[in-house]
Amino acid sequence: MFASPLRQPASRQLQSSTTPQLYEITDKGYGKDAVKLMHVNRKGALHSIQECEVGTHLKLYSNKDFLQGDNIDIVATDSQKNTVYLLAKKYGFESPEKFALILAKHFLNKYSHVEEAHVHIEAYPWQRIRQDYGNARNSGSYDNFQSHNHAFIFTPTATHFCDVIAKRHDPKFTVISGIKGLRVLKTTQSSFVNFVDDEYRTLADQHDRIFSTVVECSWEYSDIENVNFINAWESVKDIVLKNFAGDPKVGVPSPSVQHTLYLTEKQVLDTLPQVAAISMSLPNKHYFNFDTKPFQTLVPGDNDEVFIPVDKPHGTIYAQLTRKDLKSHL
């Protein structure tokens, strides 16, 4: 049974009703973050796992929890945590996006005083262990590599995340997927020349340089009914790697980080019609040549083998590409 709302003294009630409001709450919300979840799907001997961290945030119609300290409408963050586990038990976990949609819909359907639900999920990168049965490595054949039924290895190549935002009076849910922490490097076929040359410039034209970045990428879906979220995420990651690296034997030229970024975003939109917009940020992780000129008696000749990694400061290049007939929440 809910407690009665707190009542203010008469003098305070009178003051609050007659005094003009000088401020307004323009944004708000509360929730539970970093709810760690492991879901095991057991299909006979073949098991699948999904481990993730879930964040749930709610916006209420009323501001009385902030203004009067009245908690009658608050769905406790501990209750939100329990909801994550109970809905995972009830519905399973097909993908971060599908589970986020289940949670967001639940909060709107269960609590009529909730105006908006925002669910954020980050998946842990587990993959099945593949083992060699039959000396495949030495024979050059990988036919004898088998995927394990119930054993997995943590492969932190990149993080799959998603955000789902559900608003009560908007029938279309916002679904955003993303990649973060995807660090890549290539040792050639990257250049940067003919940029602004003025009194502030010290950087020489870079005709062939190491190119390294940590990909941060997110995209918004215009169609969530006809998309396999796991396959779409893998497709975007493959497109990112293809445009960065190119053909395994000959590579692909990159005249600038900007151009590589644009070609990647364009191919994502060309390949996935369900994606309305995509945003990428590529910090340029620098590797500078160590100057061996003062040490010619020790190591004669030019140096193209030894570099100094410099993470900070670094350049950052970002852009968003959107279909002209659609608006994006990115």
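The values are calculated or read from the model by the stated rules, or taken from the named source; none is laboratory data. As the structure is a computational prediction, the values presented were derived from the model and not from experiment. A quick note on method: Cβ atoms are made from the backbone with ideal geometry, for glycine too, and the neighbour counts reach across all protein chains shown. Surface accessibility is based on the protein's heavy atoms, side chains included, excluding ligands, DNA and RNA. Shrake-Rupley method; radii C 1.70, N 1.55, O 1.52, S 1.80 Å.
For the range 66-73, check the following and say yes or no: at least one residue is closer than 30 Å to I153 by Cβ and among the aromatic types (F, W, Y). Talk me through it step by step, then tell me what you get.
Here is the first cut: in the range 66-73, the ones closer than 30 Å to I153 by Cβ are none.
Checked the range 66-73: no residue is closer than 30 Å to I153 by Cβ and among the aromatic types (F, W, Y).
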Any residue at all in the range 46-65 that's over 25 Å from the mean Cα position of the chain (by Cα), under 30 Å from N226 (Cα atoms) and of a type in the set (D, E, K, R)? no
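Starting from residues that are of a type in the set (K, R) and in contact (Cβ under 8 Å) with a residue 24 or more places away in the chain, keep the ones in the range 97-119 and report whichever is farthest from G178 (Cα to Cα).
Of the residues in the range 97-119, the ones of a type in the set (K, R) are 98, 105, 110.
Going one step further and asking which of them are in contact (Cβ under 8 Å) with a residue 24 or more places away in the chain, we end up with 98, 105.
Values: K98: 14, K105: 21 Å.
Among those residues, the one meeting the criterion is K105.
Restricting the search to the range 259-273, which residues are in contact with a helix residue (DSSP H, G or I) (Cβ under 7 Å, 6 or more places away or on another chain) and in a loop (DSSP other than H, G, I, E, B)? Working first, answer last.
Step one: list which residues in the range 259-273 are in contact with a helix residue (DSSP H, G or I) (Cβ under 7 Å, 6 or more places away or on another chain), which gives 260, 263-264, 267-268, 271-272.
Residue satisfying the conditions is L272 alone.
Are any of the residues in the range 166-182 assigned to a strand (DSSP E or B), more than 26 Å from the chain's Cα centre (by Cα) and farther than 30 Å from L58 by Cβ?
no
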Filtering the range 276-330 down to residues that are in a loop (DSSP other than H, G, I, E, B), of a type in the set (D, E, K, R) and closer than 25 Å to T188 by Cβ yields D291, D302, D304, E305
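Can you say whether S141 is in a strand (DSSP E or B), of a type in the set (S, T, Y) and either surrounded by 11 or more Cβ atoms within 10 Å (Cβ to Cβ) or modelled with pLDDT under 95 (or both), as far as the supplied structure shows? Before you say what the answer is, go through the steps one by one.
On the way: in a strand (DSSP E or B): no; of a type in the set (S, T, Y): yes; either surrounded by 11 or more Cβ atoms within 10 Å (Cβ to Cβ) or modelled with pLDDT under 95 (or both): yes.
Judged against the criteria, S141 is not a match.
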Counting only residues in the range 221-275 that are open to solvent by 30 Å² or more (accessible area, probe 1.4 Å) and hydrophobic (A, V, I, L, M, F, W, C), the one nearest to S191 (Cα to Cα) is identified as V252
If we scan the range 234-248, do we find a residue that is in a loop (DSSP other than H, G, I, E, B) and touching a strand residue (DSSP E or B) at 6+ places or on another chain (Cβ under 6 Å)? no
Residues satisfying the stated conditions in the range 145-190, i.e. polar (S, T, N, Q), in contact (Cβ under 8 Å) with a residue 24 or more places away in the chain and under 20 Å from V240 (Cβ atoms): T155, T157, T159, S177, T188, Q189, S190
Of the residues Y61, Y85, Y124, which single one is touching a Phe, Trp or Tyr at 6+ places or on another chain (Cβ under 8 Å) and either hydroxyl-bearing (S, T, Y) or closer than 25 Å to R183 by Cβ (or both)? Y124
If you scan the range 301-310, which residues turn out to be touching a residue at least 12 places away in the same chain (Cβ under 8 Å) and open to solvent by less than 70 Å² (accessible area, probe 1.4 Å)? N303, F307, V310
Can you find even one residue in the range 200-219 that is free of Cβ contacts under 8 Å to residues at least 60 places away in the same chain, under 14 Å from the mean Cα position of the chain (by Cα) and outside any loop (DSSP other than H, G, I, E, B)? no
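Quick check, is I278 surrounded by 14 or more Cβ atoms within 10 Å (Cβ to Cβ), touching a Phe, Trp or Tyr at 6+ places or on another chain (Cβ under 7 Å) and touching a residue at least 12 places away in the same chain (Cβ under 8 Å)?
Numbers: surrounded by 14 or more Cβ atoms within 10 Å (Cβ to Cβ): yes; touching a Phe, Trp or Tyr at 6+ places or on another chain (Cβ under 7 Å): yes; touching a residue at least 12 places away in the same chain (Cβ under 8 Å): yes.
Answer is yes for this residue.
I'm checking my understanding of the structure. Among residues of the range 68-96 that are over 26 Å from Y124 (Cβ atoms) and without any contact (Cβ under 8 Å) to a residue 60 or more places away in the chain, which one is least open to solvent (accessible area, probe 1.4 Å)?
Let us first name the residues in the range 68-96 that are over 26 Å from Y124 (Cβ atoms), namely 68-76.
Next cut, without any contact (Cβ under 8 Å) to a residue 60 or more places away in the chain only: 71, 73-76.
On the way: N71: 99, D73: 38, I74: 64, V75: 11, A76: 46 Å².
Across the range 68-96, the extreme among qualifying residues is V75.
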